[in-house]
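Below: one structure in structure tokens.
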Amino acid sequence: MLRERNFSGYLSGQLLVAMPSMTDPRFERSVIYMCIHNEDGAMGLVLNKLMDSLTFGELLEQLNINQNRADDNLRIHFGGPVETGRGFVLHSSDYSGEGTVMMENGVGLTATVDILRDIAEGNGPRESMLALGYAGWGPGQLDDEIHQNAWLNVPADEELVFDDLLDTKWERSIAKLGIDLSLLSGDAGHA
């Protein structure tokens, strides 16, 4: 039996926040910046989980990029479980390079090595978040997960996207909706 879908809103440029009932450990308490969400599927970057196995300096070394002015405090995020060897930089709108895609809300996405060189040379964006991998959904898959009460969506703002307070990003994202966490239920149709 086909289930009618009435979710028509696309979430590009917004935050996707995992509900407390999320059972997939890769996405438990995740906050995801939605880069693309349309009829063909969805792609986003997890904002609040780090890669423990690699530093920015080590990444630059692997890519043979000069590290003279590199900000070694730049942390590498787990962007999601898809293509974990592929890098993405989510950044403020003051930077634009070859391959940069600007989102509706003034956030840019660049997936070329050039942005890493620019960051290492001190010519990168004012704000940035480097991620390896991404979260991806096929056509209609994310819409179905939203209907199953797995995700909330929240308007993105620069602080939530770029700040380093990863331990509280999930709670702050939900609080932006004015929702009391203790009242959230994992069952669709219940509060």
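The values are calculated or read from the model by the stated rules, or taken from the named source; none is laboratory data. In this text the structure is predicted, and so the values were computed from the model without any measurement. Cβ coordinates were reconstructed from backbone atoms using ideal geometry, including for glycine residues, and neighbour counts include every protein chain displayed. Ligands, DNA and RNA are stripped out before the accessible areas are found, and what is left, the full protein with its side chains, is counted by its heavy atoms. Shrake-Rupley method; radii C 1.70, N 1.55, O 1.52, S 1.80 Å.
Please list, ordered by first then second residue, the pairs with beta carbon atoms under 9 Å, 6 or more apart or interchain, first in the range 46-67 and more than 16 Å from Val89 (Cβ to Cβ) and open to solvent by 90 Å² or more (accessible area, probe 1.4 Å), second assigned to a loop (DSSP other than H, G, I, E, B) and of a type in the set (D, E, K, R).
Asn66/Glu121
Is it the case, given these coordinates, that Ile119 is in a loop (DSSP other than H, G, I, E, B) and either under 17 Å from Leu15 (Cα atoms) or aliphatic (A, V, I, L, M) (or both)?
no
Right, another one. Within the range 55-90, how many residues are under 24 Å from Ala18 (Cβ atoms) and in contact with a helix residue (DSSP H, G or I) (Cβ under 9 Å, 6 or more places away or on another chain)?
6
Next question. Here is a list of conditions, (1) over 19 Å from Asp52 (Cα atoms); (2) open to solvent by 40 Å² or more (accessible area, probe 1.4 Å), and Val82 meets all of them except one; can you say which number that is?
Condition (1) is where Val82 drops out.
Looking only at the range 4-12, decide whether some residue is modelled with pLDDT of 90 or more and either part of a strand (DSSP E or B) or not β-branched (Val, Ile, Thr) (or both). Explain how you work it out, then say what you get.
So in the range 4-12, the residues modelled with pLDDT of 90 or more come out as 11-12.
Applying the additional criterion that residues be either part of a strand (DSSP E or B) or not β-branched (Val, Ile, Thr) (or both) yields 11-12.
Scanning the range 4-12, I find at least one residue that is modelled with pLDDT of 90 or more and either part of a strand (DSSP E or B) or not β-branched (Val, Ile, Thr) (or both), so the answer is yes.
While we're on this one: Can you spot a residue in the range 130-149 that is in a strand (DSSP E or B), within 12 Å of the chain's Cα centre (by Cα), surrounded by 20 or more Cβ atoms within 10 Å (Cβ to Cβ) and not hydrophobic (A, V, I, L, M, F, W, C)? Spell out how you get there, then give the answer.
Step one: of the range 130-149, the residues in a strand (DSSP E or B) are 130-137.
If we keep only those that are within 12 Å of the chain's Cα centre (by Cα) as well, we get 130-136.
Filter once more, keeping what is surrounded by 20 or more Cβ atoms within 10 Å (Cβ to Cβ): 130-135.
Going one step further and asking which of them are not hydrophobic (A, V, I, L, M, F, W, C), we end up with 133-134.
Within the range 130-149, one or more residues are in a strand (DSSP E or B), within 12 Å of the chain's Cα centre (by Cα), surrounded by 20 or more Cβ atoms within 10 Å (Cβ to Cβ) and not hydrophobic (A, V, I, L, M, F, W, C).
Restricting attention to the range 87-101, report how many residues are assigned to a strand (DSSP E or B) and surrounded by 13 or more Cβ atoms within 10 Å (Cβ to Cβ).
6
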